[in-house]
Amino acid sequence: MYAGVAWVADTPWDRVALRSFVPHFEWSKAFLEMLLAVLGTTISPYLLFSQAEQEVESLNMRIARRPRAQARRRTRQ
């Protein structure tokens, strides 16, 4: 149904095609707010994922070092 509405409505398809590949930048308050919103919703999840990944790596490093340290203590005793 939505595709049918797009064909029935008076849509300037040449402009749609152009703006799909060549964006229009307008330095206004609304544009900057939208840009900030898009960047925020893109970067925030990435940073959370990155932080979680670093914590897992840190935990794995601590676990990997633990048996070696215990083995060294046994050989010294």
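Under the condition of being at pLDDT below 85 and in a helix (DSSP H, G or I), which residue from segment 1-32 is surrounded by the fewest Cβ atoms within 10 Å (Cβ to Cβ)?
Once the filter is applied, the top-ranked residue is Tyr2.
Being modelled with pLDDT of 85 or more, within 31 Å of the chain's Cα centre (by Cα) and of a type in the set (Asp, Glu), is that true of even one residue in segment 33-46?
yes
The values are calculated or read from the model by the stated rules, or taken from the named source; none is laboratory data. Please read these numbers as outputs of a predicted model, since none were measured by experiment. As a convention, Cβ positions derive from the backbone with ideal geometry for all residues, glycine included, and neighbour counts pool all protein chains shown.
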